[in-house]
1. Normalised by the empirical 2.2 N^0.38 Å for globular proteins, what value does the Cα Rg of segment A:204-269 take?
2. Give the shape of segment A:91-182 as rounded, prolate or oblate, defined through the alpha-carbon gyration tensor: a ≥ b ≥ c are the square roots of its eigenvalues, a/c under 1.5 means rounded, and otherwise the shape is prolate if a/b is larger than b/c and oblate if not.
3. If you take the square roots of the eigenvalues of the alpha-carbon gyration tensor of chain C and sort them as a ≥ b ≥ c, do you get rounded (a/c under 1.5), prolate (a/b over b/c) or oblate?
4. Once you've got the Cα coordinates, tell me which of A:Lys144/D:Lys22; D:Lys22/D:Lys88; C:Lys71/C:Lys157; C:Lys132/C:Lys170; C:Lys65/C:Lys98 are over 20 Å apart.
5. Averaging sequence separations of C-alpha pairs under 8 Å and six or more residues apart, then dividing by the length of segment B:2-108, give the relative contact order as a whole percent.
6. Taking only the alpha carbons of the protein assembly as shown, what extent do you get along each of the three principal axes, in Å, biggest first?
7. Using a cut-off of 17 Å between alpha-carbon atoms, which lysines can reach A:Lys238, once sequence neighbours fewer than 8 places away in the same chain are excluded?
8. Among the lysines, which have Cα under 27 Å from the Cα of A:Lys181 when same-chain residues fewer than 8 positions away are ignored?
Amino acid sequence: MELAFLIEKVAVVVILFVLTLTIAAYSTLAERKVAAFLQDRVGPDRAGPFGVFQPLADGGKMFFKEETTPNGANKWLFIAGPSLALLTSFLGSAVIPWGQPINFFGRIVPLQVTDINVGILYIFGVVSLGVYGIMIGGWASNNKYSLMGAVRGASQNISYEIAMGLSIIALLLVTNSLSFKVIAEQQHGINWNFWYQPLGFLIFLVCAFAETNRVPFDLPECETELIGGYNTEYSGFKMGAYMFAEYINMFVSSAVMATLYFGGYNYPGMDFVNQHLGTTWGPLVGVAVLLGKILAFIFFFMWVRWTVPRFRYDQLMNLGWKILIPLAIANIVITACVITFFDKF
Amino acid sequence: MDNFVSSIQTVPLNHYLILSSIIFTIGVIGVLIRRNAIIIFMSVELMLNAVNLLLTAFSAYYGDAAGQVFVFFIMALAAAEVAVGLAIIVMVYRNTSSVDINILNRLKW
Amino acid sequence: MESLSGRKKVLEQKPMTFMERIYLPAIFKGMGITFMHMFKKKETTYYPEQEREFSENWRGMHSLKRDENGKERCTACGLCALSCPAEAITMTSAERQKGEEHLYREEKYAAVYEINMLRCIFCGLCEEACPKEAIYLDGPIVPSEFLRKDFIYGKDKLVELSITDLEAQKGVLA
Amino acid sequence: MILFYLVSLLTITFSLLVIFTKNPIYSVLYLIATFFTFTIHYVLLNAQFLAVVNFIVYMGAIMVLFLFVLMLMNLNKETEPMKSNLIKIIAVIAGGSLLVTLIGSFKQLDALGISTINKPEIGLVENLGKVLFSDFLLPFEVSSILLLSAMVGAVLLAKKDKTDNG
């Protein structure tokens, strides 16, 4: 482990961390702006031009608010809940390839924190850990509404994980690899997995909505039924941590979707661009393309949120268990059949 | 990854044996000293995991994948066992509003 | 069950067709509608800079009126305070001294006249109760403040400016 | 090398905390931590697939179930049934003698004398999958039936009986 390697990794991690935080912070602004635009309003525009400093103002407000801990709450777990939520939301971005290896002053730097060859399973594991933040926080609040929210969140996440996993298995039949790097490389140009797995993508998308607790599946935090859900008792920065975790989750799941189904950093005509811009600027264009895809997905998340009404809880479970799982299994069977058929000839 | 493997190669297999047996023993003690059925259940899980670790270590040291396949099966079995076991505990709790295993003494009669 | 009045109509719900049951077309349609709204004209009024037109019977901040000679109309009779359902109005009266005739119309006047804007519900009952036509809710929106005590408006904020004051103000502006 | 001993120490500490903590919720959380250290052990053994499966199955599914049940039952320190100290001491002595027996018997194994990992790539998904779907195909299929029957059994058990009002 040479020093340069270490510096390189640290640099990639720090840049990724800052990028994630910035995008998550600006997602809060974007959410309000998108909501406003979809409702013929203009949204926050007082802090700076077009409200660009609004996230700073919100963050400042979050910081200086009074933090209350309810009587009878479990002090340690009450703090552990939001911290865990924030931690697990960050973990996912480690295996996503952000671009082709880049030539940085004569040194080839891979734009990925680490390429483990079980990358997809890793993402899966991290996603399944995300439940703990919600469950622990909800239970430690010592409030029955919070507990209800936590229980809902946990059962929803577990249920949708199954459909998500099954939809990924069909994808794996196509890609033959669990490594994000290989999957991203396979989708060179416009050879995206989406063209092979449209149904799988749809299932994955719905599950991603459920896993990030976004509308129309935001039952753990529905204000109308649970006066706020698992974060009812939270205030100040702990509340901010939960909110931030949600936006980071959204960012990471957008990145996963873009990489798995929409070619990651690949775009049509990339060979041409790479030839003309060299090995430093070419990959950077790829990074920009990936970021563009991610932002498009984030916009899609928000767009859906301000269009589709919330599901009822039994509808949610029905959708997960009775529709998505059979669909995903059918998708696997069809994909496997098609692949064997084409292999034969 | 290569660095990892080369560093772990120096750990003797014996140490894995000792570690697993310690964890297994802790699981046994847990079963003996607790009365909460769920904790006892968790101790059993701990014992299962100790065995898993040992199997994996054996498999890695002998270069035989069968051990790891076995661990895989044990995990599948553990998942099934937990589902059924917790369902039973929930039933017991519903009937006796307690998870104290001493209450289950009544099964004798 | 047979309805007693015989007027009950059972709504017939057709079972949903396959297209309706997969929901996705409906969802996409809805998303199309919301997306089109992004390009519509924004309805927002930029409040402090722009103000929407107030209606005829808009009730805003109170003002204590003067008569045509610039004398204060209020005689501190207390009827407004009595009629106030929110008990927002308090006052203390004083007797007009010699030489103050040009300030106050009658012999009695309000030395202190305070309205707590946090309590006021802008119902306009004080306006109706006033026998001297001294109080009107014809002002603008009450501005926001940081401290609660700043919401208790005294005579300095309530009494409308006299003609001399207005001219002085114009002089400053000009 | 040092990493192994560090993680082992953590494993033992957390597993001791599991069985000696009074609050059942803490027990579950410590068990999650224990399983996390197990995951690290698997990574150290280069059994990547098992590491991730351990992560997903144990930490992501089984422990969530435990936590779920415990939270819904609302058990806490006050309602926790504890055995008397005498039984505890006897249990610890019994466990200790089991440990001594086990380690004593392992002394015999020294003769085997294997102390290096032979084929480090054995734990990768590809190799494991090949073994799993060739030599162990029948057990694999049987385990699916096991899971199915467990699922049906769990649903049947946990379902409230409609006939009586319990």
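1. Values: Rg = 15.0 Å, N = 66, 2.2 N^0.38 = 10.8 Å.
Ratio of Rg to 2.2 N^0.38 Å for segment A:204-269: 1.39.
2. oblate
3. prolate
4. Violating the 20 Å limit, Cα to Cα: A:Lys144/D:Lys22; C:Lys132/C:Lys170; C:Lys65/C:Lys98.
5. Averaging sequence separation for qualifying contacts and normalising by length gives 25 percent for segment B:2-108.
6. If we take the Cα atoms of the protein assembly as shown, the spans are 122, 80, 75 Å.
7. Straight-distance partners of A:Lys238: A:Lys61, A:Lys65, A:Lys75.
8. Partners within reach: A:Lys9, A:Lys293, D:Lys119, D:Lys130.
No lab work stands behind these numbers, since they all come straight from the coordinates. Since the model is a prediction, treat every value here as computed from it, not as a measurement. Virtual Cβ from ideal backbone geometry, glycine too; neighbours counted across all protein chains shown.
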